[in-house]
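For reference, the structure discussed in these notes is given below.
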Amino acid sequence: MAESPGCCSVWARCLHCLYSCHWRKCPRERMQTSKCDCIWFGLLFLTFLLSLGWLYIGLVLLNDLHNFNECVMDSPRRFPSIHVNLLPTLVLALLLRLCRQPLHLHSLHKVLLLLIMLLVAAGLVGLDIQWQQEWHSLRVSLQATAPFLHIGAAAGITLLAWPVADTFYRIHRRGPKILLLLLFFGVVLVIYLAPLCISSPCIMERRDLPPKPGLVGHRGAPMLAPENTLMSLRKTAECGATVFETDVMVSSDGVPFLMHDEHLSRTTNVASVFPTRITAHSSDFSWAELKRLNAGSWFLERQPFWGAKPLAGPDQKEAENQTVPALEELLEEAAALNLSIMFDLRRPPQNHTYYDTFVIQTLETVLNARVPQTMVFWLPDEDRANVQRRAPGMRQIYGHQGGNRTEKPQFLNLPYQDLPLLDIKFKHRQGAASHVPCTMILDVPYFLSHLHRALHKDNVSVNLFVVNKLWLFSLLWCAGVDSVTTNDCQLLQQMRYPVWLITPQTYLIIWVITNSVSTMLLLTFSPHISPPVAFPLLNSLDDLPSRSSPGLETAVLLMRINNFMME
């Protein structure tokens, strides 16, 4: 594909130098783009699309970063870096293409390009192997972003028409020209009709917006205080949450206490108090030993959540003095704060004294605390029948084993990735009863066949976990979820309205206007007309007779294509 050296302006020369790192003027025989250069340009464009997809995945996964940030990367700010580095190179290549300059990508750029492609591909493969559930997160995110992605895609394909048209007139063979047209207008048609497949709960009438979901503190308020501590409990109440979600283990001498991890090293100073027992199971410590541990100093040394503000003043001093709380302490404090408690009960190791009776031991502690049974949401599935008989006032939460399958579930707790499986809005539009925030884990394979009946007829309340970002909370709000479990209750508490809410009529207007403007620009496209920003770079595009017949110099793009097809 021979190139004309007609674009000899200073701007074009600068672009060529930046793209190829060749600062000397190229001889005339090198002023052409070879097939190899075209392949590298295609690889650059493909890598950019992959990195753009990785950027989107990274932004979506920031909601779940607390689950696997230590395995994927140290900081979420690394997600967009690949995309930002590739964008200038791609823009330079497109401008050089329009200026009819050779696309001589430097060898260093080629190496970096291949490296970036391999890194992105490895990231996608790793995501598919280790965290397949996150693909469902992406599906949910499209319900929040698809209307805006459509606008961006329409704008992008409209701008891309410029280099496509330039390439079209440079190709001399009929077959490649037809293939290029079919590919381009096929993509245009898909983008224009994409809204037919877009479904979002936030495309609804404003009068149908359900009540704001209640908040469930995930291990309390872990961005404001050390997780699973009494300080975290108080911060949960200050955030306006109604439920404190926690994890309970039983000590070696039978005292239920709050702890999530199997080992104490992450959230306590066990390394300094019991240096020889760092790898011991949390349940293997006695209550006297657990009381010697500090459960708050780690929070001041390393903030577990990126973007959280460091503690200062009284809060810092309070965090420094936090200890591992017993379940009985938690229940009494929660009753005083008018908070409900939901906990996951973790089975101790097989050699533990209470391996077979840890459920009964925990139940006895709850009953002896003399707090209202209605404030306790019972999650453990083990020995559920006995728990229901001795504490009928507790709200039963069904675990993965399904519990008593003859009983209809009243409360459901699901990962937010299961949102597409729920037709919750229908429940609200049918005049469902009052909002009851709660937390449950559902045996999905069993209950899905009964889900719609339960939601529509039995007034089931739904809680989804874990929700930390505004876009996701807004989406679940529009979907009619009753409550969400969150690490960032202070952020979600401040929301008074979803991030966006569009009526169906308004979205239809946006769709029509977007496609109409894009179509108009494509129909009126002429290589003679340059955007104001690019005008200083494209002076050489006035010399067009070599690419088209003189009688068609001022014809629009689609008229030229029609003329070509009629030949």
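Sorting W135, W471, W162 on the 10 Å Cβ count, fewest up front, what's the list?
Numbers: W135 12, W471 18, W162 22.
In increasing order of surrounding Cβ atoms, one gets W135, W471, W162.
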5 angstrom amide H check on V467, placed H, neighbours 5+ away: T485, T486, N487
Peptides 241-254, 338-351, 116-129: what's the order by average Cβ count within 10 Å, highest mean first? 241-254, 338-351, 116-129
If we sort 359-368, 231-240 on the protection proxy, mean other Cβ atoms within 10 Å, highest first, what's the order? 231-240, 359-368
List the residues, sorted by chain then number, that are 5 or more residues from N413 or on another chain and whose placed amide H is less than 5 Å from its amide H. M440, I441, L442, N463
Alpha carbon centroid spacing (whole Å) that separates the range 477-509 from the range 147-164: 28 Å
Residue-wise HN-Hα coupling along the range 259-272, computed from phi with Karplus coefficients 6.51, -1.76, 1.60 (Hz; x: Gly, Pro): 6, 9, 7, 5, 10, 8, 5, 6, 10, 9, 9, 4, 5, 8
Which of E227, E205, E320, E328 comes first, and how do the rest follow, when ranked by fewest Cβ neighbours within 10 Å? E205, E320, E328, E227
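Counting other beta carbons within 10 Å of each residue's own, what order do V387, V187 fall into, fewest first? Before the final figure, lay out each step's value.
Details: V387 20, V187 15.
By the 10 Å Cβ count, ascending, the order reads V187, V387.
Do any of K110/K177; K212/K469; K212/K235; K212/K309; K235/K317 go past 18 Å between their Cα atoms, and which? Mind dumping the intermediate values first?
Details: K110/K177 28 Å; K212/K469 15 Å; K212/K235 20 Å; K212/K309 26 Å; K235/K317 15 Å.
Beyond 18 Å between Cα atoms: K110/K177; K212/K235; K212/K309.
Computed from the coordinates by the stated procedures, all read-outs in this text should not be read as laboratory data. On a predicted model such as this, the values are computed, not experimentally measured, just so you know. Note: ideal-geometry Cβ built from the backbone for every residue, glycine included; neighbour counts use all protein chains shown.
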